[in-house]
Amino acid sequence: MEADDGRVTECPTEAALAVIGGRWKVPILWHLRRGTLRFGELSRLLSGVTQKMLTQQLRELERDGIVYRRVYPEVPPRVEYSLTQLGASLSPLLDALSTWGEGFLTQVVARREGVGARETA
């Protein structure tokens, strides 16, 4: 597996991060867990992503076998994205990241409130 800088890695964690790393990949995977989505639907769900960046991230996920891209032969073309079996196997990881993130956010809020209280005293 290649790391982001192109070198080959044997570290499983680094390999996993090479696949799901990127500003928009985890949010894309999070939304695709609920089912198949069209490009425009994904774009609306991911506030702030550019069309170019969404296309790039989806292509990388497709290249790595995480996302399946289905193009319908109609005009205008309709394209749908869904998780492959390998992509769906990331669900426990996404759940764990979500759980960790919730705890982290709770701690950050508490810490910031504590700092704010000390500053006003």
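Bear in mind these aren't lab numbers, they're just calculated from the coordinates by the rules spelled out. Keep in mind that this is a model prediction, so the values were computed, not measured. Cβ: placed from backbone, ideal geometry, glycine included. Neighbour counts: every protein chain shown.
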Review point. For the chain, modelled as a GNM with alpha-carbon contacts under 10 angstrom, which of 106, 55, 36 fluctuates the most?
Key: 106
Practice item. First check a/c for region 58-109, with a ≥ b ≥ c the square roots of the eigenvalues of its C-alpha gyration tensor; if it is under 1.5, answer rounded, and if not, answer prolate when a/b is larger than b/c or oblate otherwise. Key: prolate
Check your understanding: Which longest run of the chain has no exposed loop site in it, a site being trypsin sites (Lys or Arg not before Pro) in a DSSP loop with at most 10 other beta carbons within 10 Å, and the site itself not part of the run?
Key -> 35-121
**Study point:** Listed residue (26, 61, 46) projecting farthest to the positive dipole end of region 12-89, Cβ model
**Key:** 46
**Study point:** Estimated FRET transfer efficiency (residue 63, residue 95; beta-carbon r; R0 30 Å; 0.05)
**Key:** 0.75
Check your understanding: Rounded to the nearest 0.05, what FRET efficiency do residue 45 and residue 115 have when you use their Cβ-Cβ distance and R0 = 30 Å?
Key -> 0.35
Review point. Dipole of the chain, Cα-centred, from +1 at each Lys and Arg C-beta and -1 at each Asp and Glu C-beta, to the nearest 20 debye?
Key: 440 debye
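If R₀ is 30 angstrom, what is the calculated FRET efficiency for the pair residue 74 and residue 23, using the beta carbon separation as r and rounding to 0.05?
0.45
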Revision key, fill the gap. Ranked by GNM mean-square fluctuation in the chain (Cα springs under 10 Å), the top entry among 65, 87, 48 is 48
Practice item. Could you check which residue among 88, 15, 110 shows the biggest mean-square fluctuation in a GNM of the chain with a 10 Å Cα cutoff? Key: 110
Review point. Going out from 0 in 5 Å bins, what whole percent of all Cα-Cα distances in region 12-89 drops into each bin?
Key: 3, 15, 29, 27, 16, 7, 2, 1, 0
Point to revise | Cα-projected label distance for residue 86 with residue 102, points at 7 Å along beta-carbon direction, nm | key: 3.0 nm
